[in-house]
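*Asks:* For reference, the structure I am asking about is given below.
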Amino acid sequence: MVAPLYDAVRTATATAAPATAGQIQKYVPMSSGAGLAFLCQGKANWVASEYPLPLFDQLELNVFQFPALLVGLAVTVNVQGIEDGLLRLSRQNLVDIFLGNITKWNDPLIAANNPKLKLPNTPIVVIYRGKESGANYILSNYLSEHSEIWRNKIGQGCSIHWPVGISLNSQSEIVKQMKTCDGAISCVESSEAARVGLRVVQLENEAGQYVLPSRRTISDCMDYFDDGHFDDYSKVQAHIPGKTCYPLVGISYSIIGMNIQKPFQDAIAKADFWEFFNRCFDSNPYTEKLGFHSCFVPRRIVRQCHDRYYQKRDAVAASNSNDSP
């Protein structure tokens with residue numbers, strides 16, 4: 001989901017600091033699971049993933065993880081006669097559609113939220129990522145938080161068994177299918193949906209307001225993420241109370257490998273990495289100008305996560321030392 005944004009920042013870096021940009025390799029888009037596998041195999045210095053690693057796994061894999069971006073998933077539809085941004089879906093509508101309980105676009109439960117729209121008697125076609133992905137993780141977490149049935153029967157994760165729909169392998173395949181399949185619904189990273197011209201819906205937030213995904217409605221969510229949330233990597237914050245907040249958001253984490261066998265090379269790689277990310281944190285006006293909705297988290301949160309990670313790592317190491325015979 002975040003590849004276009006990282007490539008844009010790298011392009012900006014190439015203009016502002018050519019020497020630094022020369023040390024930064026191109027970001028390669030792949031699934032969160034594949035990226036983590038590359039990191040563990042020593043084929044990458046860092047990866048981005050919407051699937052957060054629990055602390056135990058970070059220590060086991062010898063990696064440091066921190067929240068980098070707040071991203072939004074746009075609910076996109078292709079319903080004949082319904083223009084971009086007009087359709088409203090409640091939280092329960094979304095759950096029922098992905099469960100397969102609502103099968104037609106003129107279902108009374110959808111029509112009740114859209115009294116001014118003439119909804120067609122068109123079958124709903126759910127399109128989802130079949131392979132593991134961060135988008136699956138964000139969406140399944142959201143559905144689990146708003147449906148006990150989903151939580152108990154389907155669950156959450158990068159790869160889940162979707163109850164209904166068509167399985168595709170990538171976001172680009174979903175975009176292509178969304179443009180041609182009448183009645184389709186799916187989720188696509190919000191700024192990508194805007195760039196390629198997909199029709200998005202207003203989604204009901206926790207305050208009962210219907211909100212479209214945009215840079216403002218996504219960045220407004222940052223005010224409701226307390227610092228402590230970022231330390232609990234087993235949870236995704238799905239209940240955001242702000243009236244202006246877009247509700248279907250998640251965190252894209254950056255994960256750095258700690259290569260203890262090649263510390264000097266590793267130090268150089270990390271210097272390049274942090275130089276790149278320093279520019280990321282300073283490039284919000286640039287990314288906004290290009291139409292990206294994702295927003296980088298404040299530097300202070302990264303620093304706090306860094307300090308807390310090492311405190312926990314030292315505490316675990318001390319505990320293991322005390323337990324040794």
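The values are calculated or read from the model by the stated rules, or taken from the named source; none is laboratory data. Here the structure is a predicted model, which means the values were calculated and not measured. As a convention, Cβ positions derive from the backbone with ideal geometry for all residues, glycine included, and neighbour counts pool all protein chains shown. Side chains included, ligands, DNA and RNA excluded: accessible areas come from the protein's heavy atoms. Shrake-Rupley method; radii C 1.70, N 1.55, O 1.52, S 1.80 Å.
*Asks:* From the list S133, S170, exactly one residue is surrounded by 22 or more Cβ atoms within 10 Å (Cβ to Cβ) and either of a type in the set (S, T, N, Q) or free of Cβ contacts under 8 Å to residues at least 40 places away in the same chain (or both). Which is it?
*Replies:* Every option except S133 fails the conditions.
*Asks:* Residue check: is D96 of a type in the set (D, E), out of contact with any strand residue (DSSP E or B) (no Cβ under 7 Å at 6 or more places or on another chain) and surrounded by fewer than 18 Cβ atoms within 10 Å (Cβ to Cβ)? Even if it seems obvious, please write down each step before you answer.
*Replies:* Details: of a type in the set (D, E): yes; out of contact with any strand residue (DSSP E or B) (no Cβ under 7 Å at 6 or more places or on another chain): yes; surrounded by fewer than 18 Cβ atoms within 10 Å (Cβ to Cβ): no.
The answer is no for D96.
*Asks:* Of C280, C245, C295, C305, which residue is surrounded by 13 or more Cβ atoms within 10 Å (Cβ to Cβ), at pLDDT 75 or above and either farther than 19 Å from A48 by Cα or of a type in the set (K, R) (or both)? Step through it out loud before you land on a result.
*Replies:* On the way: C280 fails: either farther than 19 Å from A48 by Cα or of a type in the set (K, R) (or both); C295 fails: either farther than 19 Å from A48 by Cα or of a type in the set (K, R) (or both); C305 fails: either farther than 19 Å from A48 by Cα or of a type in the set (K, R) (or both).
Just a single option satisfies the conditions, and that option is C245.
*Asks:* Answer yes or no as to whether G85 is under 26 Å from N141 (Cβ atoms), open to solvent by less than 30 Å² (accessible area, probe 1.4 Å) and at pLDDT below 80. Quick ask: steps written out before the conclusion?
*Replies:* Details: under 26 Å from N141 (Cβ atoms): yes; open to solvent by less than 30 Å² (accessible area, probe 1.4 Å): yes; at pLDDT below 80: no.
Here the answer is no, as G85 does not meet what is asked.
*Asks:* Only one residue in E60, E50 is charged (D, E, K, R), modelled with pLDDT of 80 or more and touching a Ser or Thr at 6+ places or on another chain (Cβ under 6 Å), so which one is that?
*Replies:* Numbers: E60 fails: touching a Ser or Thr at 6+ places or on another chain (Cβ under 6 Å).
After applying the criteria, what remains is E50.
*Asks:* Also, quick follow-up: When you go through (1) of a type outside the set (G, A, S); (2) open to solvent by less than 20 Å² (accessible area, probe 1.4 Å); (3) over 15 Å from V75 (Cβ atoms); (4) not in a helix (DSSP H, G or I) one by one for W150, which number turns out not to apply?
*Replies:* That leaves (4) as the condition not met.
*Asks:* Given the structure, is L119 crowded, with 16+ Cβ neighbours inside 10 Å and in a loop (DSSP other than H, G, I, E, B)? Steps first, answer last, please.
*Replies:* Details: crowded, with 16+ Cβ neighbours inside 10 Å: yes; in a loop (DSSP other than H, G, I, E, B): yes.
Considered against the rule, which asks whether it is crowded, with 16+ Cβ neighbours inside 10 Å and in a loop (DSSP other than H, G, I, E, B), L119 comes out as yes.
*Asks:* Related question: I'm trying to understand the selection: among the residues of the stretch 176-199, which are closer than 22 Å to N141 by Cα and outside any strand (DSSP E or B)? Give the derivation first.
*Replies:* At the first step, the residues of the stretch 176-199 found to be closer than 22 Å to N141 by Cα are 184-193.
Answer for the stretch 176-199, where residues must be closer than 22 Å to N141 by Cα and outside any strand (DSSP E or B): S190, S191, E192, A193.
*Asks:* Determine the pairs where a residue that is within 18 Å of R215 (Cβ to Cβ), located within the stretch 54-77, has a partner that is part of a strand (DSSP E or B) and open to solvent by 40 Å² or more (accessible area, probe 1.4 Å) with Cβ atoms under 8 Å apart, the partner being 6 or more residues away or on another chain.
*Replies:* T76/R199
*Asks:* Next up: Here is a list of conditions, (1) farther than 28 Å from S159 by Cβ; (2) of a type in the set (V, I, T); (3) in contact (Cβ under 8 Å) with a residue 40 or more places away in the chain, and I110 meets all of them except one; can you say which number that is?
*Replies:* Going through the list (1) farther than 28 Å from S159 by Cβ; (2) of a type in the set (V, I, T); (3) in contact (Cβ under 8 Å) with a residue 40 or more places away in the chain, I110 breaks only (3).
*Asks:* Moving on. Here are some residues: N106, N78. Which one is in contact with a Leu (Cβ under 7 Å, 6 or more places away or on another chain) and at pLDDT 85 or above? Break it down into steps so the answer makes sense when it comes.
*Replies:* Numbers: N78 fails: in contact with a Leu (Cβ under 7 Å, 6 or more places away or on another chain).
Exactly one of N106, N78 is in contact with a Leu (Cβ under 7 Å, 6 or more places away or on another chain) and at pLDDT 85 or above, namely N106.
*Asks:* Quick check, is T287 modelled with pLDDT of 80 or more and either open to solvent by less than 20 Å² (accessible area, probe 1.4 Å) or among the polar types (S, T, N, Q) (or both)?
*Replies:* Details: modelled with pLDDT of 80 or more: no; either open to solvent by less than 20 Å² (accessible area, probe 1.4 Å) or among the polar types (S, T, N, Q) (or both): yes.
Judged against the criteria, T287 is not a match.
*Asks:* Here's a follow-up. Search the stretch 186-202 for residues that are within 11 Å of V77 (Cβ to Cβ) and open to solvent by less than 40 Å² (accessible area, probe 1.4 Å) and pair each with any residue that is hydroxyl-bearing (S, T, Y) and not in a strand (DSSP E or B) when their beta-carbon atoms are under 9 Å apart and the residues are at least 6 apart or on different chains.
*Replies:* Filtered contacts from the stretch 186-202: V200/S190.
*Asks:* Do we find that G165 is of a type outside the set (V, I, T), surrounded by 18 or more Cβ atoms within 10 Å (Cβ to Cβ) and on the phi > 0 side of the Ramachandran plot in this structure? Give the steps one after another, and end with the answer.
*Replies:* Values: of a type outside the set (V, I, T): yes; surrounded by 18 or more Cβ atoms within 10 Å (Cβ to Cβ): yes; on the phi > 0 side of the Ramachandran plot: yes.
In short, yes.
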